[in-house]
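A.B. asks: Let me give you the structure first, and then I'll get to my questions.
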Amino acid sequence: MNGLAAQYALFVAEIATVVVAVIGLAAALIALSRRKAKHAGQIEVTDVNRQFEAAADRIQAAQLPRKVLKMLHKQRKAERKAQQKRPAAEPCSYLLDFKGDIRASAFTALREEISAILHVAKAGDAVLLRLESGGGMVNRYGLAAAQLLRLRAAQLPLTVMVDTVAASGGYLMAAVADKIVASPFALVGSIGVIAQIPNFHRWLQARDIDWEQFTAGKFKRTVTLFGENTDTGRAKLREELEEIHAQFRAFVQGRRAQLDMDKVATGEAWLGSKALELGLVDELATSDEIIRSACQRGRVLHVSFQRKLGLPERLRISAQSAWDGIWQPPYPLG
């Protein structure tokens, strides 16, 4: 029996050693990624009109006789040459994408893309944003919304297109737009605030493990993972959540005055058709329809900021995503 216990103890020790080694390696990689200078990125631009034309060419190549196809290609080439000679007076729509996670990580690219657009935009231009987000941390989504406010300050019309979801922090961003378009079954709204945190105090207590925490300031920490939470701490957290919710409501109301906030700011989310009835969106359509219409009016350029991530940073992002899936940080929107 003692031999079995010894073998088991050795096995546990080996497993612990491997775990510590993996954690140490991950920590080293994270530290390395943070010590290195930020990876340089660049703005990439794709002509959406040309993309549609190329797709049509491939279909026509399978449908039309070779002579007719050759004539069409010749005609299109002449049109492009004539277009290049004309001054760039036709309106341009800049297409952006924002796919949000709990930390609104895409705001880094959004910042660069908006800065680039503001350098070249002219009167008559507009911005189309494909937005997909179920919400996340209030300060991060607040910053993402502030980036969109830069477009409004520059008097660039902004249309937000929601194909699947713009909830909570996602809707906070969408509310900045001049126009919100959603597909009929997109999930929209969730004007509410939530904080959730596991507590291991009783588990530690049952194993005679003390957790000591030292703070300065009465409400430096309201609730905790490992300590014993108090009614005072819980009440303070609820008070903070109500304050954030009030600011959320005010932000949306200030940009969509027609909304009945008592009806829509309950934390509920609605499908696009109901969201239209409530005034949360202005039109039902897919982003494809809106982009296609913009192409018929003028040039549409897809603008994206791309940067190459090294292995340490990719590992760090993967680890952070996994952690976020386990534990939602305090004060996320929605």
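A.B. asks: Look through Ala186, Ala174, Ala166, Ala182 and report the one residue that is of a type in the set (A, V, I, L, M) and either over 14 Å from Leu271 (Cβ atoms) or free of Cβ contacts under 8 Å to residues at least 12 places away in the same chain (or both). Walk me through it before giving the result.
C.D. replies: Details: Ala186 fails: either over 14 Å from Leu271 (Cβ atoms) or free of Cβ contacts under 8 Å to residues at least 12 places away in the same chain (or both); Ala166 fails: either over 14 Å from Leu271 (Cβ atoms) or free of Cβ contacts under 8 Å to residues at least 12 places away in the same chain (or both); Ala182 fails: either over 14 Å from Leu271 (Cβ atoms) or free of Cβ contacts under 8 Å to residues at least 12 places away in the same chain (or both).
One residue alone meets the criteria, Ala174.
A.B. asks: Would you confirm whether or not the range 240-256 contains a residue that is surrounded by fewer than 20 Cβ atoms within 10 Å (Cβ to Cβ), modelled with pLDDT of 85 or more, within 30 Å of Val281 (Cα to Cα) and of a type in the set (S, T, N, Q)?
C.D. replies: Yes, there is a match, as at least one residue in the range 240-256 is surrounded by fewer than 20 Cβ atoms within 10 Å (Cβ to Cβ), modelled with pLDDT of 85 or more, within 30 Å of Val281 (Cα to Cα) and of a type in the set (S, T, N, Q).
A.B. asks: If you check Val162, Val188, Val193, which single one turns out to be over 21 Å from Tyr94 (Cβ atoms) and touching an Asp or Glu at 6+ places or on another chain (Cβ under 9 Å)?
C.D. replies: On the way: Val162 fails: over 21 Å from Tyr94 (Cβ atoms); Val188 fails: touching an Asp or Glu at 6+ places or on another chain (Cβ under 9 Å).
Going through Val162, Val188, Val193 in turn, the sole match is Val193.
A.B. asks: Tell me, which residue of the range 43-60 that is of a type outside the set (Val, Ile, Thr) and exposed (fewer than 12 other Cβ atoms within 10 Å of the Cβ) is farthest from Ser115 (Cα to Cα)?
C.D. replies: Filtering the range 43-60 for residues of a type outside the set (Val, Ile, Thr) gives 44, 47, 49-58, 60.
The next check asks that each one be exposed (fewer than 12 other Cβ atoms within 10 Å of the Cβ); those that pass are 44, 54-55, 58.
Working: Glu44: 13, Ala54: 29, Ala55: 31, Arg58: 35 Å.
By that ranking, first place goes to Arg58.
A.B. asks: Do we find that Asp101 is in a strand (DSSP E or B) and surrounded by 16 or more Cβ atoms within 10 Å (Cβ to Cβ) in this structure? Break it down into steps so the answer makes sense when it comes.
C.D. replies: On the way: in a strand (DSSP E or B): no; surrounded by 16 or more Cβ atoms within 10 Å (Cβ to Cβ): yes.
Criteria not met by Asp101.
A.B. asks: Could I ask something else about it? Restricting to the range 253-266, give me the number of residues that are in a helix (DSSP H, G or I) and among the small types (Gly, Ala, Ser).
C.D. replies: Taking the range 253-266 and keeping what is in a helix (DSSP H, G or I), we get 253-255, 261-264.
Filter once more, keeping what is among the small types (Gly, Ala, Ser): 254.
Of the residues in the range 253-266, 1 are in a helix (DSSP H, G or I) and among the small types (Gly, Ala, Ser).
A.B. asks: Looking at Met137 and the list (1) of a type outside the set (S, T, N, Q); (2) under 13 Å from Leu96 (Cβ atoms); (3) under 13 Å from the mean Cα position of the chain (by Cα), which single condition is not satisfied?
C.D. replies: (2)
A.B. asks: Filtering the range 267-310 down to residues that are in a loop (DSSP other than H, G, I, E, B), within 22 Å of the chain's Cα centre (by Cα) and of a type outside the set (A, V, I, L, M, F, W, C), which residue is modelled with the lowest pLDDT?
C.D. replies: At the first step, the residues of the range 267-310 found to be in a loop (DSSP other than H, G, I, E, B) are 267-268, 279-282, 285-286, 298, 308-310.
When the remaining residues are screened for being within 22 Å of the chain's Cα centre (by Cα), the result is 267-268, 280-282, 285-286, 308-310.
Okay, now just the ones that are also of a type outside the set (A, V, I, L, M, F, W, C), so 267-268, 282, 286, 308, 310.
Numbers: Gly267: 94, Glu268: 95, Asp282: 97, Thr286: 98, Lys308: 73, Gly310: 63.
Filtering first and then ranking leaves Gly310.
A.B. asks: Right, next: Return yes when Val138 is over 20 Å from Thr46 (Cα atoms) and touching an Asp or Glu at 6+ places or on another chain (Cβ under 9 Å) and no when it is not.
C.D. replies: Values: over 20 Å from Thr46 (Cα atoms): yes; touching an Asp or Glu at 6+ places or on another chain (Cβ under 9 Å): no.
Criteria not met by Val138.
A.B. asks: Name the one entry in Leu172, Leu237, Leu156 that is in a helix (DSSP H, G or I), of a type outside the set (Val, Ile, Thr) and either closer than 23 Å to Leu128 by Cβ or under 20 Å from the mean Cα position of the chain (by Cα) (or both). Outline the logic, then answer.
C.D. replies: Values: Leu237 fails: either closer than 23 Å to Leu128 by Cβ or under 20 Å from the mean Cα position of the chain (by Cα) (or both); Leu156 fails: in a helix (DSSP H, G or I).
Only one candidate passes the filter, namely Leu172.
A.B. asks: Restricting attention to the range 64-85, does a residue exist that is within 24 Å of His302 (Cβ to Cβ), in a helix (DSSP H, G or I), modelled with pLDDT under 90 and of a type in the set (A, V, I, L, M, F, W, C)?
C.D. replies: For the range 64-85, residues within 24 Å of His302 (Cβ to Cβ), in a helix (DSSP H, G or I), modelled with pLDDT under 90 and of a type in the set (A, V, I, L, M, F, W, C): present.
The values are calculated or read from the model by the stated rules, or taken from the named source; none is laboratory data. Note that the coordinates shown come from a computational prediction; the quantities given were computed from them, not determined experimentally. Here Cβ is always computed from backbone atoms with ideal geometry, including for glycine, and neighbour counts include all displayed protein chains.
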